[in-house]
Amino acid sequence: MAHDDDRPTTSDGRSAVERRTLVAGGVWTVPVVALAVAAPAASASPAPCPSVTDPAQWRRTDNGYAYQGASGIEEKDGYVYFLQQADDAASYEGLNLEVWFRAALPVVAGTTYTFLYRAGGEYGQTRDPRTHGPQYARLEIDGAAVSPDYSTDTTQYGTVQLTTDFSFVDYSSLWVAKTTGIVQLTWHFVVPGRKGRRTDANDDIRITLPLIACSR
């Protein structure tokens, strides 16, 4: 059964959306500069460039497989990010947990949307081979991928190798709207399950809430 959470919570029951005052610097520095560079082109757009940097704009759902560790939106040291932690550790059936963070995005036909974000990973601290595989995530619009698969171990799966020490690296994705209306912007996480037994492997991904630049 799918889970549909109005307000994300971690496995210990606390809210996974940490609403604190955002500070300048950190994750905002490079993307904000990028937005400033894109501003002249964006001025030609007939509609304001949308923003999805408020955690309240995002809704979390999953495919019903239990998980261990935090899963939600958190804020630390000026970074506001999606955090999907650990492997599926409840059923031990080797089934993948899938998690979707979705936000409604108003778009205008013919506009190019550039999504700016930072991502970092951490893969299998114990290097236990019994894990089902690496965790990965991708950005989607209405269910179609608009980014590569960001993976904690591309030797097994994925296109872009994330850091393995949880440090952030800048990434961006482009998408052109073909129609005017509302689309679903989604970060889709796929979390590997166990191979029949409990392990101590740690497989986490965090990705900052995207900033958006627009041009026509």
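Net charge near Arg206: determine it from the other residues with C-beta under 10 Å of the C-beta of Arg206, scoring Lys and Arg +1 and Asp and Glu -1. Walk me through the numbers on the way to the answer.
Values: positive: Lys76, Arg118; negative: Glu74, Glu122, Asp204.
In short, -1.
Label points 7 Å out from Cα along the Cβ direction at Thr112 and Asp54: separation in nm?
The two pseudo-label positions are separated by 2.9 nm.
Using label points projected 7 Å from each Cα along Cα→Cβ, tell me how many nm separate Thr159 and Asp142, to one decimal.
Simple spin-label model gives 2.0 nm for this pair.
Since every read-out is calculated from the coordinates, none of them should be taken as a lab result. Predicted model, so just to flag it, every value in this text is computed and none were measured. We place every Cβ from the backbone using ideal geometry, glycine too, and count neighbours over all the protein chains shown.
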